[in-house]
Structures are given as structure tokens and as C-alpha cells.
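A short write-up of the structure that comes next.
The values are calculated or read from the model by the stated rules, or taken from the named source; none is laboratory data. Computed from a predicted model, the values in this text were never measured in an experiment. Ideal geometry is used to build each Cβ from the backbone, glycine not excepted, and the neighbour counts take in all protein chains shown.
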Amino acid sequence: MHRRTFLATAAAALAAPAWADAGAPCYLTAAAKPDLSTWLVGLSDRGTVLFQIPVPDRGHAAAAHPFRAEAVAFARRPGRFAVVLECPTGAEIARLHAPEGRHFYGHGAFTADGRYLLTTENDFDAPDGRIGVWDAQAAYARVDDLPSGGIGPHEILHLPGGGFAVANGGIQTHPDFGRAKLNLPTMAPNLTYLDEGGAIVDQVHPPSDMRLNSIRHLDVDADGRIAIALQWQGAPQQIVPLAAQHVRGAPLRYLPHPATATLRQFGGSVAIARDGSVIAVTGPKGDHVLYFDGRDGTPRGADRLAEASGVAQHGRGLALTIQGGMALRENGSTAQFPVAGDWSWDNHLVRIV
Amino acid sequence: MFRLTALAFGAALMTVTMAPADAPDLPEGSYHPETGLPYWAPGRGEVDHDAVRRRALEVLERQFGAFRDASAALSDTAAATCTSQSDTEALKDQLAATWIAWAPLDSYQFGPIQTLGAALSVNFWPDAKNYVGRGLAALLAEPADRQADPAVVMAGSAAAQGLPALEMLLYSDLPVCPAAQGIAAALAQQGQTLYDAWFAPDGWADIARAAGPDNPVYQNAAEFTKTLYTAVDFGLIRVEDARLGRPLGTFDRPFPTRAEAWRSGLSADIIHAQLSGAAEMIERGFAGDIREPDRSWILQVIDQAHARLDTVGQPIYDAVQDPTARFRVEALKQKIEYLRDELARDIGPNLGVDTGFSAADGD
């Protein structure tokens, strides 16, 4: 590489539509209607649907371009496509196809200059976790392919100080086995840090008693502190923390919570407020959300919210997608409001920068 | 539909009213061994998920028990073969019996099979990178006494712990003994461990029986029904996409060595066994909690699939390369696709199983 060809280049001033043209949407989410048609939906922070764009199959997360009104909607694993959409119009700008022998995990992130998109991928016959690199200035041509540092890379996140964090969930899957987990006796998740050029610069591994706690979803505050949502693959009767924090150079810090059991071993999504004041881990299987103090990690209550799924930064608080609508968590209280359109949300809510 | 159902139940009702007279001491919830219908009417068309669970666990216990027993016999046969230096015919026969006993379990990729990683350690397939061959090479590089030790096998590559590894030993130029003894003993251990993980106290069956608001896996018995329904459908996907679609490739470019168990030619027998396992869960597990004629119709379509498989008349490895037989494999694949559509249309809604889009599906 060419491995360094996509080192941060000067951000080009581009004549593409900016996010304001899309009605300044605050959030993106994948969704479905009762007829099972699948969509990418732009939502305001008050639950107004700003745009809705049909996508060919069930979506998972989306990556928003840092300044152009483009979003990349990823198929849910083991999906093999991603669609780049221009958000004011819904026009398809490009379509990404996973190479032979690969599928996407449903997450991606742009470099700070918006030039390159990084996607988490499964090289399923190897098996190996990979990061695909696509050039947003060349119609999203695939330009590189890098190691993710583990099996099952799921969420990838751009960090405020540059570089990326990758949640290598540790779980081996293969499209021939649908969504079945194939390697639990040997699974080994980790959190991997990449530099802006995609090279691995640091890795942190869980202690042995947390080996079966899959590191899957991430968020980061303005100071670069990472919040993690976990999915426990061990004995289902065993109650273990489903949230963790990490700061570069320190070990992983697991966050117990008295309401952990309500999540049914499944942390679906995570967000930390931009100022680091609060962390939320959603439990779409358990219809609950857990809150933690973002600084010291202590439990700060929980809400029972049906199908609590996506969560994202919202000012000094957090916005969530829930059954039939949205919720805002601010100053220790939660307000709910409906969203018209009979939507079912997928697990994630993506904040537009 | 109500009227139609009542009509279709006509014949069954005879059985229902007559059977208890034949066997007055039958426990409540038992079902007629031929029709699979409960002796007591399911009542008002509501699905009794507790009854589904009770019957389904019996089916699972029988199927997991069959694999445990077959793999134990495989270990005994391998030990006898290697000790007496006899020919490998008996071992080949018992490998076939064990693979056929595994086939129905391939559908149940949840609970103990996932926890124990058994999908790969029992049946490492597909194997695009020859991990089975590489794992065997590593095992065969060990001293003889270690090759025969199941603990050594289980500590090595998952690809060299299961049925395809034993098959490669038996159907290639590699030395069969003593590695076959170690692999077969490892399979017997896995058969016992899987059975226990399901049915020993505090096993997965107990988790299913304890379904309720505080259960970390199943919040109610209906969720276990949904898991079973999904598993039956998954087994059909495995037949359609992996067992048939993978070797079929395209007309110009079939992939015969992508067929499961192509060396031993067991591919078709495995498909028969997986279809029969699905039929057993529908007939004896879901049983009368699926309305007639939906249940008998699905079983009839499964019989049609068996018949189409019989018309192929040769191993899948050969059939996909033969223009005429290939056409029959494609016809079978279409039948499985049709079967899945019928299952989704009739059986899923019948069981009250919602397989729609939900954030709670997880990822």
C-alpha cells in the first residue's frame, strides 16, 4: 500500500450537497415498515421523519459522511452490499459490494477528511476480520484491505483525536450457518486502535473471565474515552456487566449495574454524551436501557423502554429509538415522543456530525 | 378456514375419540403415534406452547440420544478396528450411521451446539481452505499413542475432531490407525457432552422448561416454539443452499467437491436424514398444535422432497456433473424452496411465530 495511500489528505472543498440541504437531519437509522419493506430514515431530534429512502434489504447501521450529505447504509450481516445515498434526494451515488468470500458486518466510518470509508468485514473461509477501504472521491472504489486485529470486527468508530477504534467481537460466523456462532469455546474479543492510515497501533484484551463477553458496539466522547456495549455468550444464568469503558493505556473497565439482568445478556447499542457525562446501553431484547455516569462509571438508573434500540449523542444528553418513537435522556430524566409511520427500528441510531 | 379445519379434522377426530379407549391410562398431553395428534383436542385453535415444548424436548432427546449412541458405537468400532488391524468396512458403516444421526442436529444451531462449538468440531464443512487436511497432518505428526488419545485430538484443530476428518482418513491414502481411534473417541465425547448439555440437570432443556419473565433466554414458552420453528427452517436452508446449491454451482461450472461428505458418497443420505429430522419435529413436536390440513400438507411436501432426492439416484458429487441427474438435483432444490415458502405461509402463522423485523433480533 499503498497501505499509506489514504493517509489523511487535505479536505477538499467539494461542491456536493452539505447536510443542511437534507433538512439538517440529526440522526439516521435503518428501519422497516409493517409490510417488511426496508428503509434508511433521517430523523430530527423531535422525531420528525426528514427523509425516507428505500434500501434493497434489511439495513443495520449507517455511516454519515463528515460534511457531505451522503450516508452509507450497510446491509445487516451477512449482507454483502452497502448503498451510498445522497440524502436530500435519496439518489443512489454508489453501491459497495463486498469482495468474493467476504461480507459486511453492518458498520463503517469515514476518515476525518471524508476521503475514505472504512468497513468491517468477515473473510469467512479464513476466518479473519478485515477492514475494507473505499475511496469516496473515486465513486467509492475499493482501494485497500487491512487486518482488523481479530475475529468478528463489528463497530468501527472514528476518534476525535484521529484514528479509529474497532470492536473485534471475537465471534466467528459463516454465511452457510446463517447467524450461528461457531467458535465460542475459543472466542477472544478485543478492542483495537488504528491510526488514521488504518494501521494497528494498540490492542486491549479482556481478562479470562470476560473472554465470552463480546465487545461489539462503541461510542466515544470529546476526550476520546470509549464506551462499550457487550453481549454475553457464556452461561445465560450468569449475570455479568454488559457495559465497559476504555481509555488508551489502561485496562478495560467493566461496569456493573443493578439492572444488568433486564438486558437479557444483550447490550444492543451504546452512546456516551459528548461531554462524557452519561453513558447509555440499550437492551432491545430486554426492553430496558441502563445509564452510567460517564466519568466514574457508576450506575445512574435505568428505564423500561420497549424495544430500546438505537442510542446516539444529543447535546449534553442522549437520543434513543424505541418502539413507536424516540426518547431523549437529558439531565437525568427521560422524555418519550412518538414518530409517525409505524416504523420498526434496527439496533442503531447514527448521529450526523 | 374455521370450517375447512373442522372438516379436515374429521378423520382425525375419530382417532381422538377412540384412542383413549384403546389406552385409557395415557398421560395428558400424549399424542397418537401415527397421526401425531393429541388425544385431547388442542381446544379453540390456540397453540399450547407448554405442550409443544414438552413434545419437542422428547424429539430432541431422542435425536441427540441417537447421535450420542452412534458416536459411542463409532468409538468402539474404531478401537476394535485399530486393535485387531481388521479391514475398515465396519468403521465406514458406523461413520455413515453416525453422520446420519448428526444430520438432524445440524438444524439446531442454538444452545449447546453453539456453546460447545460443535457445528465445526463435529462437522467441519464447508472447508474451502483444507483445514481438515491440515489438521489431520498435524495430528498424524504426533507419536502413535498420542494420536489415539481423544484429549490430544480435542486440544488440536477443530477441523480434525469430527466426521470429515475421519472420512478423509478412511477414504484417502492416509494411515487410518491409530488416529481414527482418537478422532472417533473425541466424537463419542462430543456426543455425550452435547446430550448432557441439553438434558442433564440445569441443561438447556431445563432453561426451556423454566421459560418465564426472569429467564435470561426464553421469556415464555412461545419463544422456545419460535426457536424450534426457526431451527426447522434453518435446516431446510442448509439443505437448499449449502448441501445442494454449493455443489451445483452453475451448469458450466459445477463444484462436486463442495458436496458434503463427497469422498464417502453420503451426501444424499445426510439430506434424507435432515429432512426426516425436520419432519419428526413437525409431526411429533409441533404435532396437533398445528392445524390440519396444514400439518399433513407440509409432511406431504417433505415426502415429495424425499421422492425427488431418490430420483437423483447417485451421489451428489456425481449428479452435479451429469446433465440429466443435475436437472434432478435442481428440481429437488426447487422443492425445498417451495417447502420453505409453505412453511412460512402455513406453519409459522399457525404457531403464532412472528419472524418479522425487530431490533430484538440482535446483532
Fill in: Only one of A:ARG115, A:ARG130 that is touching a residue at least 40 places away in the same chain (Cβ under 8 Å), charged (D, E, K, R) and either crowded, with 22+ Cβ neighbours inside 10 Å or more than 14 Å from every other protein chain (Cβ to nearest Cβ) (or both)
A:ARG115
Fill in: Filtered residues of region B:313-363 (kept if among the hydrophobic types (A, V, I, L, M, F, W, C), within 14 Å of another protein chain (Cβ to nearest Cβ) and part of a helix (DSSP H, G or I))
B:ALA344, B:ALA359, B:ALA360
Discussion item. Cβ-Cβ distance below 9 Å, separation of 6 or more or different chains: which pairs start in region A:73-92 with a residue that is modelled with pLDDT of 90 or more and end on one that is basic (Lys, Arg)?
Written reply: A:ARG80/A:ARG102; A:PHE81/A:ARG95; A:ALA82/A:ARG95; A:VAL83/A:ARG95; A:VAL84/A:ARG95
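To keep it simple, each residue is scored yes or no on (1) closer than 30 Å to B:VAL47 by Cα; (2) buried (at least 17 other Cβ atoms within 10 Å of the Cβ); (3) away from chain A (no Cβ under 11 Å).
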position: B:ALA211; (1), (2), (3): yes, yes, yes
position: B:ASN215; (1), (2), (3): yes, yes, no
position: B:ALA222; (1), (2), (3): yes, yes, yes
position: B:GLY249; (1), (2), (3): no, no, yes
Discussion item. Tell me yes or no: at least one residue of region B:130-138 is closer than 22 Å to B:ALA103 by Cβ, within 12 Å of another protein chain (Cβ to nearest Cβ), under 24 Å from the mean Cα position of the chain (by Cα) and crowded, with 16+ Cβ neighbours inside 10 Å.
Written reply: yes
Worksheet item: How many of the residues in region A:319-333 are out of contact with any Ser or Thr (no Cβ under 7 Å at 6 or more places or on another chain) and hydroxyl-bearing (Ser, Thr, Tyr)?
Response: 1
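Quick grid of which residues meet (1) among the charged types (D, E, K, R); (2) away from chain B (no Cβ under 14 Å); (3) without any contact (Cβ under 8 Å) to a residue 24 or more places away in the chain; (4) touching a Pro at 6+ places or on another chain (Cβ under 8 Å):
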{"residue": "A:GLY267", "(1), (2), (3), (4)": "no, no, no, no"}
{"residue": "A:ASP275", "(1), (2), (3), (4)": "yes, yes, no, no"}
{"residue": "A:PRO299", "(1), (2), (3), (4)": "no, yes, no, yes"}
{"residue": "A:ARG304", "(1), (2), (3), (4)": "yes, no, no, no"}
{"residue": "A:GLU307", "(1), (2), (3), (4)": "yes, no, no, yes"}
{"residue": "A:HIS314", "(1), (2), (3), (4)": "no, yes, no, no"}
{"residue": "A:GLY317", "(1), (2), (3), (4)": "no, yes, no, no"}
{"residue": "A:THR321", "(1), (2), (3), (4)": "no, no, no, no"}
Worksheet item: Does region A:23-42 contain any residue that is in contact with a Phe, Trp or Tyr (Cβ under 6 Å, 6 or more places away or on another chain), farther than 24 Å from A:GLY178 by Cα and assigned to a strand (DSSP E or B)?
Response: yes
Discussion item. Step by step: first the residues of region A:294-344, then only those that are more than 25 Å from A:THR38 (Cα to Cα) and of a type in the set (Val, Ile, Thr), then the one that is surrounded by the most Cβ atoms within 10 Å (Cβ to Cβ). Which residue is that?
Written reply: A:THR334
Discussion item. Just to be sure I understand the filter: pairs with C-beta atoms under 7 Å, separated by 6 or more residues or on different chains, first member in region B:129-144 and in the same structural domain as B:PRO178 (by TED's automatic domain parsing), second member aromatic (Phe, Trp, Tyr). Which pairs pass?
Written reply: B:TYR131/B:PHE124; B:VAL132/B:PHE124
Worksheet item: Within region B:96-116, is there a residue that is touching a Leu at 6+ places or on another chain (Cβ under 6 Å), closer than 24 Å to B:ALA155 by Cβ and buried (at least 24 other Cβ atoms within 10 Å of the Cβ)?
Response: yes
Worksheet entry | region B:155-172 - residue that is within 13 Å of chain A (Cβ to nearest Cβ) and of a type in the set (Gly, Ala, Ser) and, of those, farthest from B:GLY133 (Cα to Cα) | B:ALA155
Fill in: Top-ranked residue of region A:47-78 - restricted to ones that are in contact with a Gly (Cβ under 7 Å, 6 or more places away or on another chain) and small (Gly, Ala, Ser), ranked as surrounded by the most Cβ atoms within 10 Å (Cβ to Cβ)
A:ALA61
Worksheet item: Does A:GLY234 meet the test of being within 13 Å of another protein chain (Cβ to nearest Cβ), free of Cβ contacts under 8 Å to residues at least 60 places away in the same chain, small (Gly, Ala, Ser) and not in a strand (DSSP E or B)?
Response: yes
Worksheet item: Of the residues that make up region A:89-104, is at least one outside any strand (DSSP E or B) and within 21 Å of A:ALA18 (Cα to Cα)?
Response: yes
